[in-house]
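The values are calculated or read from the model by the stated rules, or taken from the named source; none is laboratory data. Only a predicted model underlies this, so the values are computations on that prediction, with no experimental measurement involved. Please note: Cβ atoms are built from the backbone with ideal geometry, for glycine as well, and neighbour counts cover all protein chains shown.
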Amino acid sequence: MTIEGIETICDEFTAVTKDIKWEEHLCFNVGSKMFLITTPDAYPPTASFKVNAEEFDEIASRDGFMPASHLGRYKWVQVDDISRLTKKEWQFYAKQSYQLVVSKLPTKVKNSLGL
């Protein structure tokens, strides 16, 4: 998987915006809330995303995965190389993270975004 591939997946979700944070992280957002963070200039590229609380420990203990620094307490994981996940897995985890973040948005924000 490539950063461009992840970008294509995320672009399919409703009301997604992108920006650069902390000078080197390409972030994918919905309702001004991040749901996926990448480091496209790192070698290999890394990424962080939110997972279900029930799956957090299992996913964070996989080879190449760990709790995301500063976000782990919110059930975010970081993968040390985006190619550890297949396209199908990226589609699943990006969508899941997006949905978890959308579920926490206020109703007014969801309505304004058409969600």
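Worth a mention:
- Flag if D57 is outside any helix (DSSP H, G or I), over 25 Å from G31 (Cβ atoms) and of a type in the set (D, E): no
- When S69, S83 are checked against the criterion of being part of a loop (DSSP other than H, G, I, E, B), touching a Ser or Thr at 6+ places or on another chain (Cβ under 9 Å) and over 27 Å from L115 (Cα atoms), a single residue qualifies: S69.
- Taking region 1-54 as the range and being basic (K, R) and either outside any strand (DSSP E or B) or crowded, with 19+ Cβ neighbours inside 10 Å (or both) as the test, only K50 passes.
- Region 1-46, subset under 22 Å from K110 (Cα atoms) and aliphatic (A, V, I, L, M), residue farthest from the chain's Cα centre (by Cα): A15
- Of all residues in region 55-83, those satisfying the criterion of being over 18 Å from V101 (Cβ atoms), surrounded by fewer than 17 Cβ atoms within 10 Å (Cβ to Cβ) and without any contact (Cβ under 8 Å) to a residue 24 or more places away in the chain are D57, E58, S61, R62, D63, G64, M66, S69.
The rows are residues; the columns are (1) closer than 21 Å to E12 by Cβ; (2) of a type in the set (K, R); (3) at pLDDT 95 or above.
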| residue | (1), (2), (3) |
| --- | --- |
| M66 | no, no, yes |
| G72 | no, no, no |
| W76 | no, no, yes |
| R84 | no, yes, yes |
| W90 | yes, no, yes |
| K95 | yes, yes, yes |
| Y98 | yes, no, yes |
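- Flag if K95 is of a type in the set (D, E, K, R), surrounded by 12 or more Cβ atoms within 10 Å (Cβ to Cβ) and closer than 15 Å to F28 by Cα: yes
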